[in-house]
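What follows is a short report on a single structure.
Derivation of every value follows stated rules applied to the coordinates shown; laboratory data play no part. These figures come from a predicted structure and were not determined experimentally. Because the Cβ atoms are built from the backbone with ideal geometry, glycine has one as well, and the counts that use them run over all protein chains shown.
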Amino acid sequence: MKSMKNIPILIFLFLLGCGTLMAQPIRKSSYEQTLRAARASFDSLNYVYALERYEEAYDDKEDRALIDTIAWLNFQIRDYRKAERWFARVLRRAEEGELNEYRYTYGQLLKMNEKYDEAIEEFQTFLNASSNDSLNTLAKNEMAGAELAKELPQTMKGVTVENAGRDLNGKVSEYSPALASNGQEVYFTTFDTDDVIYVDEKNKEESYALIYKAMKDDNGWEKPKALGGEVNRPEFHNSNVSLSKDGRTMYFTRAQLTGNVLTESKIYFSTGGGEGWKGAQEVLGVNGPYLAKHPAIGELFGKEVLFFVSDMPGGYGGFDVYYATKTGEGTFSDPVNLGDVINTLGDDETPYYRDGTLYFSSTGHPGLGGFDIFYSTWDGTKWSDPLNMGRGYNTSVDDQSLTLDEEGYFGMFVSNRPEGRSAYGRTCCNDIYTFSIAKLYADLVTGVFTIEKQPLPGGTVYLIPTQNNKMGTPDSKTSEEGNRFDFDLGLDIPYMVIATHPDYFPDTMQFNTVGLTESKTFQHFFYLKPKPVIPEYDTITKEEPIVLENILYDFDDDRIRTEAESDLEVVYELMTEYPDMKIELSSHTDNRGNNDYNENLSQRRAESARRWLVRKGISRDRIVAKGYGENQPQTVSSRAAALHGFLKEGDVLTEEYIDALKDENQKEVAHELNRRTEFKILEGPTSITIKSTRLRKKETTKPGADRERLIGGAQPDTTRINMLSSLYGKKNLKGVPIMYFNKRVLELGAVKKGEKRRFTYAFVNTGDAPLTISLISACDCTTIENDPTGDTFQPGQKGIIEVLFDSSEKDESEEIDIDIFLEEADNDGIPIRETVQYRFELKK
């Protein structure tokens, strides 16, 4: 190290076997001088200095021969994003089968950047061409870890992880925290600086890692203080503290680096405690002509042992975990490898033992990223298969050195996750993180499925606290690939959960965490009902009756209403296009009233429709007008069943069927479906194809009395609840807000792909209680402008919802739902949901 002058050093990986050197600015040199400086730094293992010089040389000449070295150096200093980009450039130049081992490292980088699917594909490409048994095993392990990362819950049950903050963390790395049993003291390792260290004869001491101690009070952690020279030996890196149960013995390591590579590491111990530590002595029995680090006190076979990490010959991979039995103060028996249950072809490090459980970090067991934290339990004779600690403890980068307080509900570990503080890049440096385990917790696990019980990816689940019939701020999660959603819950809180999907009707459930006396996981599966799929085209075949959905009549009247003319216009166009086509126009009534009267009324209505077409120029003898009265009840179609949850496809709406329905609203829907006008082809073409939207129902605000019975006047009935409201079918609406829309379904007509449309929905609160919008949910193509979420509308107050539709990602005509959730609940305690829709015909 004495030859290193005027070179800044930032050491962050000596615990793992490497460190990093950084360069301060130098004067502009020639390409050859820069390259010589880069190679010299590389040879002396000063990687950051070498990287900066190589990048400077590459910027000067763009010499492609340097790409390989730059890629590897970025990987060495843990700049995973830059390393991924440089490795991609290397592999773009490779022929098939060339540089296959680079693909292994590239797969690791993709995984550490959370590109799990791409990583799996890259590892598979590597395996297809590899004959290296060891790397093949590691590659399969990496693939298993990537699959695990995709499946693990996003949250941890009752565990809160936080950065320990600036009281403990600086810009350079912190390592190996060791909590005293009371949890109020922590020992850890860092450097005597908060920034890049420029090493020269004056500040050489700053370049060595020191062991610090910090005390905790009511205001947090006090400023850490370095231990004295009894422990922190000058010109050595002092680190990896482990404390005995009584806190009177400290084990730690003293290490030396050559450049950035760990070349010497031995385990020492010191006795003392709170009043101070005595001069350290080398531990006998565990050190040798190899690296020994990461000591941890434990117990096996009823005896005190020292776990530690070493690269001694005879191991399974890089670094393995060993133990040695204590034979006296500072003296231990020969080391014993923990075996292949714990140790792998990768590196297995930072052991911590607590009450029969061994915690450690590994790159050789399936993990989310680089080093993950695992645990294994000892049954008196053998170790259990290690288990991954899961998200929170682990990320896509490096997570190590877990430690717990005496009670076991508070602990620490270190990680170089991107949100931490870092002196170089986003992931160079470790920070200390704390975690707290709740003694009493609740969480929710939900799954979204189809009604056929198949997993349904692409959904969104909202968790909304509901207290005093008011909805709080929702927590939402969306998954494009999975169908599982996990939420942490508060205690003594009622909740509503809403599951939504662009192609399915939403569903809700309610529960509460009130009065829990033990931890509980709530679980609920949603089985969503699909929305009706409107095909772009309908095929009409001979003798197949087609309902003309917009032909409606006023009560006891046979005159064609204005909104009915759109369907008759379609029939007119078809008959003009097919001059040999002969059709039947039939009219049907519901079963209420006298049968003879209904037959006569339906015949008059059918003839009224025929007269409209004849006036347009269609020959009368091409149209058979037939009134069937109530004699042909409707058979429920798949579309009608999807729109009305109480109906099943294939049901026939007979008088007996309708009388058996549970409430008047359902009966009225069935009667409406029976009241219809149809046409079918009798002669001419055997089939014709038309745009499906041409015969779909257009919403009207006029009070078609035969559909809604006689309501009087010319104004819309604002007391009638639309079937797109969760209040539909509810009898008691006293004290409930009612969100009445003048028009719930908007027809945008033809829309060119890429076109944007703005439109509004106007509403009024016709209920007798305030109405507050809690949440508006729609697909990505729909943006709510001037979002009224959180706004309250008093009874009688009007409002609008402004919508921007972007068709850029659309490939076909569609019907889009917008779900509006209110803070208020109905009188059954179920929060109110309203739905509006818009339709468009895509023109490409």
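Could you tell me the relative contact order of segment 395-505? Use alpha-carbon pairs under 8 Å, at least six residues apart, and round to a whole percent. Let's see the in-between values first.
Numbers: 195 pairs, mean separation 22.6, N = 111.
Rounded, it is 20 percent for segment 395-505.
Per q in 0.13, 0.20 Å⁻¹, report the Debye log10 I(q)/I(0) for segment 467-530, using one uniform scatterer on each alpha carbon and no solvent. So the normalised log intensities work out to -0.42, -0.94. Derived from the Cα gyration tensor, the three semi-axes of the equivalent ellipsoid of segment 226-381 are 24, 19, 14 Å, largest first. Taking only the alpha carbons of segment 57-213, we obtain Rg and Dmax values of 20.6, 59 Å in that order. Seen against the Cα atoms of the chain and their longest principal axis, helix 664-674 is set at about 60 degrees. Can you compute log10 of I(q)/I(0) for segment 731-791 with the Debye formula, treating each Cα as one identical point scatterer, at q = 0.28 Å⁻¹? Once normalised to I(0) and log-transformed, intensities are -1.37. Fraction of C-alpha pairs exceeding 16 angstrom in segment 119-183: 68 percent, rounded to a whole number. Global size of segment 558-618: 13.1, 40 Å for Rg and Dmax (C-alpha atoms, Rg to one decimal, Dmax whole). Evaluated on segment 476-608, the Kirkwood hydrodynamic radius is 20.8 Å, with distances taken between all distinct Cα atoms.
Would you please put 109-117, 757-765 in order of how densely packed they are, using the mean number of other Cβ atoms within 10 angstrom per residue and starting with the highest? Before the final figure, lay out the partial values.
Numbers: 109-117: 20.2, 757-765: 16.4.
Top of the packing list down: 109-117, 757-765.
The label-point distance for Glu683 and Phe410, in a model that sets each label 7 Å from Cα toward Cβ, rounds to 9.3 nm. What lysines does Lys582 reach when the alpha-carbon gap must be under 16 Å and sequence neighbours fewer than 8 apart in one chain are set aside? Lys582 reaches Lys542, Lys616, Lys626, Lys680.
Evaluate the Kirkwood expression for the hydrodynamic radius of segment 441-484, namely the inverse of the mean inverse distance over all pairs of different C-alpha atoms, and round to one decimal in Å. Let's see the in-between values first.
Working: mean 1/r = 0.0836 Å⁻¹.
One over the average 1/r among Cα pairs gives 12.0 Å for segment 441-484.
Every pair of different Cα atoms in segment 401-503 enters the Kirkwood calculation, which places the hydrodynamic radius at 17.1 Å. Relative contact order, whole percent, for segment 67-117 stands at 34, derived from Cα pairs under 8 Å and 6 or more residues apart. Could you list, in their original order, any pairs among Lys529/Lys810; Lys453/Lys529; Lys111/Lys293 whose Cα atoms are separated by more than 18 Å? Violating the 18 Å Cα-Cα cut-off are Lys529/Lys810; Lys111/Lys293. Built from the Cα atoms of the chain, the convex hull projects on average onto 46.6 nm², one quarter of its surface area. Need one number: the % of Cα-Cα pairs in segment 309-467 sitting beyond the 27 Å mark. When every Cα pair of segment 309-467 is considered, 41 percent fall beyond 27 Å.
What are the semi-axes of the equivalent ellipsoid of segment 396-451, taken as the square roots of 5 times the eigenvalues of the Cα gyration tensor, listed largest first and rounded to whole Å? Working shown, then result.
Working: eigenvalues 167, 92, 13 Å².
For segment 396-451, the semi-axes come out at 29, 21, 8 Å.
How long are the three semi-axes of the equivalent ellipsoid of segment 327-371, in whole Å, if each is the root of 5 times an eigenvalue of the C-alpha gyration tensor, listed from largest down? It would help to have the intermediate numbers written out before the result.
Working: eigenvalues 121, 32, 17 Å².
Result for segment 327-371: semi-axes of 25, 13, 9 Å.
Binning all Cα-Cα separations of segment 212-314 at 10 Å, short to long from zero, yields these whole-percent fractions: 14, 42, 31, 11, 1.
Ranked from highest to lowest mean number of other Cβ atoms within 10 Å per residue, what is the order of the peptides 415-422, 74-81?
74-81, 415-422
At the listed q of 0.13, 0.19 Å⁻¹, the Debye profile of segment 785-844, built from one uniform point per Cα, gives log10 I(q)/I(0) equal to -0.51, -0.87.
What residues from segment 587-605 fall in the zone where the backbone N is under 12 Å from a label point 7 Å along the Cα-to-C-beta line of Arg611? Only 604-605 fall inside the zone, counting backbone N under 12 Å. Computed over the chain, relative contact order equals 8 percent, with contacts defined as Cα pairs under 8 Å that lie 6+ residues apart.
Can you divide the C-alpha Rg of segment 247-298 by 2.2 N^0.38 Å and report the result to two decimal places? All intermediate terms of the calculation are to be shown ahead of the outcome.
Numbers: Rg = 12.3 Å, N = 52, 2.2 N^0.38 = 9.9 Å.
So the Cα radius of gyration is 1.25 times the expected 2.2 N^0.38 Å.
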